[in-house]
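The structure appears below as structure tokens.
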Amino acid sequence: MSLTKDTRVTLNDGNAMPILGLGTYASSDVPKSVGEEATKIAIDLGYRHIDCAYIYGNEVQIGRAIRSKIADGTVKREDIFYTGKLWCTFFSPELVRKGLEQSLSDLQLDYLDLFIMHWPFSLKPSGAEQPTDLDKAFAYDNVDFLSTWEALEACKDAGLVKSIGVSNFNRRQLERLLSKPGLKYKPVCNQVECHVYLSQSKLQAFCKSHDIVLVAYSVLGSHRDKNWVDLSTPVLLEDPVLAQVAAKHNRSPAEVAMRFVLQKGIVVLAKSFSAERLKKNLGMFDFELTPEDMSTLEGLNQNLHYGPFKELKEHPEYPFHDEY
Ligand SMILES: NC(=O)c1ccc[n+]([C@@H]2O[C@H](COP(=O)([O-])OP(=O)(O)OC[C@H]3O[C@@H](n4cnc5c(N)ncnc54)[C@H](OP(=O)(O)O)[C@@H]3O)[C@@H](O)[C@H]2O)c1
């Protein structure tokens, strides 16, 4: 069966996730209204999976975009798959539902399709209030993600979210979660950085063996926000090998970078706030990479994390000390 923008993958709880998602993170200098307009355009183009998060500070605008496309009859609520993320300062079990309700209230939606723990580590707000935007003022906290998970299970039981999952978990952390006594729901997904320079084959194999879907972020080589990404890292979309494969198929490097991840069997998130690129990126469904192309691109892997979140590397739950 050929893959299309309407293809969905069945999750281990029976729900279904579209295999292409729109990324909505942008640095704070980008007006939030730009993401709102882009989300409307993306929905018009046929994107049905929207990836966002409390800490992106734009759920009001992204929710408004979704609701406007429901109001004008382009989609129904059930056509849209919305992913939200529990920020690390909401990990205390009594705060989990509050964090979710804040997102629902900002979005003006009754439920989320998927709610995931944004990282495995817990943090304390740096001031009296919860952070409203990603900043670098971090204070470690030591809430065990197993207790957070129980509170997430309760949110699913309450009907506030359809599915629950994790993000940026390594194998050891997934194993700990999967072997939690009394586990009620397995995570449906692990959303991680994944692209031609970080192909995640071992983590993918582990997740597959437990029926956990791998969801890839920074497929296009990340936002390269200087606050979070080391700008001496190679620019993925300028890779010469990627360019050769793209030229062979008469496609853009972005389409090939996305197609590579898709053909590995991984859900692709890609962010663009440009109408032209949102449209162009859908071209990834119109061609196929050969097994030789796939192994050539696999050869680019160098386990490069564009977003290693090094500020947190002393946290006991920092995920990237392990090989995968
Ligand atoms: N779970 C997590 O911890 C986590 C971490 C990072 C990201 N994410 C999620 O994953 C999403 C995607 O990751 P990302 O934001 O790191 O970035 P990305 O999807 O790798 O790349 C985005 C960059 O590529 C550009 N772009 C898009 N299409 C292009 C094309 N055809 N040609 C050239 N450039 C193109 C975009 O610019 P324009 O907008 O100008 O097109 C943007 O600057 C995020 O938005 C967020 O939703 C999650």
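A search for C-beta distances below 6 Å between a residue of the stretch 201-223 that is in contact (Cβ under 8 Å) with a residue 60 or more places away in the chain and any residue that is open to solvent by 30 Å² or more (accessible area, probe 1.4 Å) and of a type in the set (Lys, Arg), counting only pairs 6+ apart in sequence or on different chains, returns Phe206/Arg171. So which of Ile55, Ile50 ends up being out of contact with any helix residue (DSSP H, G or I) (no Cβ under 6 Å at 6 or more places or on another chain), part of a helix (DSSP H, G or I) and either of a type in the set (Gly, Ala, Ser) or in contact (Cβ under 8 Å) with a residue 24 or more places away in the chain (or both)? Testing whether each residue is out of contact with any helix residue (DSSP H, G or I) (no Cβ under 6 Å at 6 or more places or on another chain), part of a helix (DSSP H, G or I) and either of a type in the set (Gly, Ala, Ser) or in contact (Cβ under 8 Å) with a residue 24 or more places away in the chain (or both) leaves just Ile55. Tell me, yes or no, whether the stretch 22-29 has at least one residue that is open to solvent by 10 Å² or more (accessible area, probe 1.4 Å) and under 18 Å from Leu109 (Cβ atoms). Among the residues of the stretch 22-29, not one is open to solvent by 10 Å² or more (accessible area, probe 1.4 Å) and under 18 Å from Leu109 (Cβ atoms), which makes the answer no.
Only one entry of Phe90, Phe169, Phe115, Phe121 meets the criterion of being within 14 Å of the ligand (Cβ to nearest atom) and free of Cβ contacts under 8 Å to residues at least 60 places away in the same chain, and that entry is Phe115.
Looking at Val261 and the list (1) in contact (Cβ under 8 Å) with a residue 40 or more places away in the chain; (2) closer than 30 Å to Thr148 by Cβ; (3) within 9 Å of the ligand (Cβ to nearest atom), which single condition is not satisfied? The one condition Val261 does not meet is (3).
Go over the candidates Lys279, Lys226, Lys271 one by one and state the one that is open to solvent by 40 Å² or more (accessible area, probe 1.4 Å), charged (D, E, K, R), without any contact (Cβ under 8 Å) to a residue 40 or more places away in the chain and within 13 Å of the ligand (Cβ to nearest atom).
It is Lys226.
The residue that is nearest to His195 (Cα to Cα), among those in the stretch 282-304 that are in a helix (DSSP H, G or I) and open to solvent by less than 40 Å² (accessible area, probe 1.4 Å), is Leu297. Close Cβ contacts (under 9 Å, 6 or more residues apart or on different chains) running from residues in the stretch 230-241 that are within 12 Å of Val196 (Cβ to Cβ) to residues that are open to solvent by 40 Å² or more (accessible area, probe 1.4 Å) and among the hydroxyl-bearing types (Ser, Thr, Tyr) comprise Val241/Thr296. Gly307 meets the conditions (1) within 8 Å of the ligand (Cβ to nearest atom); (2) in a helix (DSSP H, G or I) in every case but one. The failed one is (2). I'm checking my understanding of the structure. Among residues of the stretch 123-162 that are charged (D, E, K, R), in contact with an Asp or Glu (Cβ under 8 Å, 6 or more places away or on another chain) and within 28 Å of Val229 (Cα to Cα), which one is surrounded by the most Cβ atoms within 10 Å (Cβ to Cβ)? Applying the filter and picking the extreme gives Lys124. Exactly one residue out of Ser147, Ser126 is assigned to a helix (DSSP H, G or I), of a type in the set (Ser, Thr, Tyr) and more than 26 Å from Val9 (Cβ to Cβ): that is Ser147.
Please list, ordered by residue number, the helices (runs of 4 or more DSSP H) wholly in the stretch 158-266 having 2 or more residues that are among the small types (Gly, Ala, Ser).
201-209, 240-249, 253-263
Within the stretch 27-42, residues that are without any contact (Cβ under 8 Å) to a residue 40 or more places away in the chain sit with their Cβ atoms under 6 Å from residues that are small (Gly, Ala, Ser), at 6+ positions apart or across chains, in these pairs: Glu36/Ala65; Thr39/Ala65; Lys40/Ala65. Note on the stretch 37-54: residues that are more than 9 Å from the ligand (Cβ to nearest atom), of a type in the set (D, E, K, R) and closer than 26 Å to Met117 by Cβ amount to 1. Take Gln204 and decide whether it is more than 14 Å from the ligand (Cβ to nearest atom) and closer than 22 Å to Thr7 by Cα. For Gln204, the condition - more than 14 Å from the ligand (Cβ to nearest atom) and closer than 22 Å to Thr7 by Cα - is met.
The number of residues in the stretch 184-200 that are of a type outside the set (D, E, K, R) and either without any contact (Cβ under 8 Å) to a residue 12 or more places away in the chain or closer than 23 Å to Tyr82 by Cβ (or both) comes to 8. Just give me the residues in the stretch 310-319 being crowded, with 17+ Cβ neighbours inside 10 Å and more than 15 Å from Ala139 (Cβ to Cβ), in sequence order. Listed by number, the list holds a single entry, Pro319.
Among the numbered conditions (1) farther than 23 Å from Pro316 by Cβ; (2) crowded, with 19+ Cβ neighbours inside 10 Å, the only one that Leu86 does not meet is (1).
The values are calculated or read from the model by the stated rules, or taken from the named source; none is laboratory data. Every value quoted in this text rests on a predicted model; they were computed, and no experiment measured them. Here Cβ is always computed from backbone atoms with ideal geometry, including for glycine, and neighbour counts include all displayed protein chains. Calculation scope for accessible area: heavy atoms of the full protein, side chains included, ligands and nucleic acids excluded. Shrake-Rupley method; radii C 1.70, N 1.55, O 1.52, S 1.80 Å.
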